[in-house]
1. Filter the range 12-45 for residues that are within 15 Å of residue 326 (Cβ to Cβ) and within 16 Å of the ligand (Cβ to nearest atom); which is surrounded by the most Cβ atoms within 10 Å (Cβ to Cβ)?
2. With respect to residue 149, determine if the residue is β-branched (Val, Ile, Thr), crowded, with 20+ Cβ neighbours inside 10 Å, within 19 Å of residue 319 (Cα to Cα) and within 15 Å of the ligand (Cβ to nearest atom).
3. So which strands (runs of 3 or more DSSP E) are wholly in the range 1-88 and hold at least 1 residues that are basic (Lys, Arg)?
4. Please tell me if residue 269 is within 24 Å of residue 184 (Cα to Cα) and either within 12 Å of the ligand (Cβ to nearest atom) or surrounded by 15 or more Cβ atoms within 10 Å (Cβ to Cβ) (or both).
5. Go through 247, 255 for me and flag whichever is away from the ligand (no atom under 16 Å from the Cβ) and over 30 Å from residue 293 (Cα atoms).
6. How many of the residues in the range 1-11 are at pLDDT below 95 and either surrounded by 12 or more Cβ atoms within 10 Å (Cβ to Cβ) or within 30 Å of residue 249 (Cβ to Cβ) (or both)?
7. Kindly provide the set of residues from the range 278-329 that are β-branched (Val, Ile, Thr) and loosely packed, with under 15 Cβ neighbours inside 10 Å, ordered by number.
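The values are calculated or read from the model by the stated rules, or taken from the named source; none is laboratory data. Predicted model, so just to flag it, every value in this text is computed and none were measured. Quick reminder, even Gly has a Cβ in these numbers, built from the backbone with ideal geometry, and neighbours come from all protein chains shown.
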Amino acid sequence: MNPRILLARRPSGAPVPEDFRFDQAPLPDLADGEVLVRHRFLSLDPYQRGRMDDAKSYAKPVAIGGVMECQAVGEVAASRDGRFREGDWVLGGFGWQAFSARPGKALIPIDPKEAPPSTSLGVLGMPGLTAWVGLKDIGEPKQGETLVVSAASGAVGQVVGQLGKIAGCRVVGIAGGPAKCAFVKDELGFDAALDHRQPLEAPLDAACPDGVDIYWENVGGAVQAAVFPRLRDFGRMVMCGMIAQYNGAPPPGPNLGPVVRKRLRIQGFIVSDTGWARYAQFRAEMLGHIAAGRLTWREDVVQGLANAPAAFIGLLEGRNFGKLVVALD
Ligand code: NDP
């Protein structure tokens, strides 16, 4: 049987356990060209909150009664595609379930000898790719510039900051609470880490005495309101996400009037626009950084499919510490 988590109903505000339903289905049959994958790690990501709503977006919502969407890494359990053999590791869009059958052409093979397989959901996966694409294409970091990153200890933020350091920036992270701030500064090597649970204005002035050249936006809300007025002329604001408003109405934002006077560039992007077409280049560059000791990562591993809904609810409240993945038995 295939255990899985379904969307039981659309959440009103923050998701609650009753919005999800545990279910078992027969194992899928394999058509020609398909591969049966036994999932080992599932990726829990903030965008999955958007897929629970029936709202206009760049991607379709999950249907009521449908399997919750996610990427996962797993091992091939059976194959009707000559390119894949039993035991091969693959990455794909598989859903919150233990097995899935997918066309071989939709799978990305991964080599577990390069790095632990779960990293293909984090530092070497979609969040890392998001950081790499957004910083290269929109942030355009230059030696000596100041880069501020929100949700700095998370899956995307931890990579953005480290790539910023590699590019020669002064990097300031913003995270929730002393433990995350200590990790950002001491283990990731950011120049400063500020706690958004405390007032941010004075610490931002102290950490960024010349202002902010690049603001990497992961959260929105009060953090955005504090950083925005500190952007310098010709600053860039990389609009990656605004998790603070995923569960409800948008909070009041900053006054965007200075965008003109300061000639700011504010650009949103979705990693899939150009990211996956450049995945091989990304992976090679990141593996080089890891081998040279320039890049590290932190994962938050939750055991068992049944614990996925609670872990996902926690992600939207900041209870994860690092890239959130679910390990399956
Ligand atoms: P994280 O691993 O960073 O987890 C989410 C973190 O967000 C929490 O741990 C918490 O960190 C912070 N957070 C949650 N709620 C709030 C809040 N109300 N106010 C402030 N901070 C909050 O997630 P990801 O790294 O996977 O994602 C980060 C952002 O990037 C999200 O907005 C996501 O939607 C976006 N994204 C966008 C992509 C794109 O293509 N544009 C692709 C991938 C991600 P803390 O405790 O430090 O506050």
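1. 42
2. Numbers: β-branched (Val, Ile, Thr): yes; crowded, with 20+ Cβ neighbours inside 10 Å: yes; within 19 Å of residue 319 (Cα to Cα): yes; within 15 Å of the ligand (Cβ to nearest atom): yes.
Yes.
3. Working: elements: 2-7, 20-25, 34-43, 71-79.
Of the strands (runs of 3 or more DSSP E) lying wholly inside the range 1-88, those with at least 1 residues that are basic (Lys, Arg) span 2-7, 20-25, 34-43.
4. Values: within 24 Å of residue 184 (Cα to Cα): no; either within 12 Å of the ligand (Cβ to nearest atom) or surrounded by 15 or more Cβ atoms within 10 Å (Cβ to Cβ) (or both): yes.
Here the answer is no, as residue 269 does not meet what is asked.
5. Details: 247 fails: away from the ligand (no atom under 16 Å from the Cβ).
Only one candidate qualifies: 255.
6. Within the range 1-11, the subset at pLDDT below 95 is 1.
Within this subset, residues satisfying the condition of being either surrounded by 12 or more Cβ atoms within 10 Å (Cβ to Cβ) or within 30 Å of residue 249 (Cβ to Cβ) (or both) are none.
Matching residues across the range 1-11 total 0.
7. Looking only at the range 278-329, we keep the residues that are β-branched (Val, Ile, Thr), and these are 290, 296, 301-302, 313, 325-326.
Within the range 278-329, 296, 301 qualify.
Here is a yes/no grid of residues against (1) within 16 Å of the ligand (Cβ to nearest atom); (2) in the same structural domain as residue 311 (by TED's automatic domain parsing); (3) of a type in the set (Asp, Glu); (4) closer than 30 Å to residue 20 by Cα:
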{"residue": "83", "(1), (2), (3), (4)": "no, yes, no, no"}
{"residue": "141", "(1), (2), (3), (4)": "no, no, no, no"}
{"residue": "155", "(1), (2), (3), (4)": "yes, no, no, yes"}
{"residue": "171", "(1), (2), (3), (4)": "yes, no, no, no"}
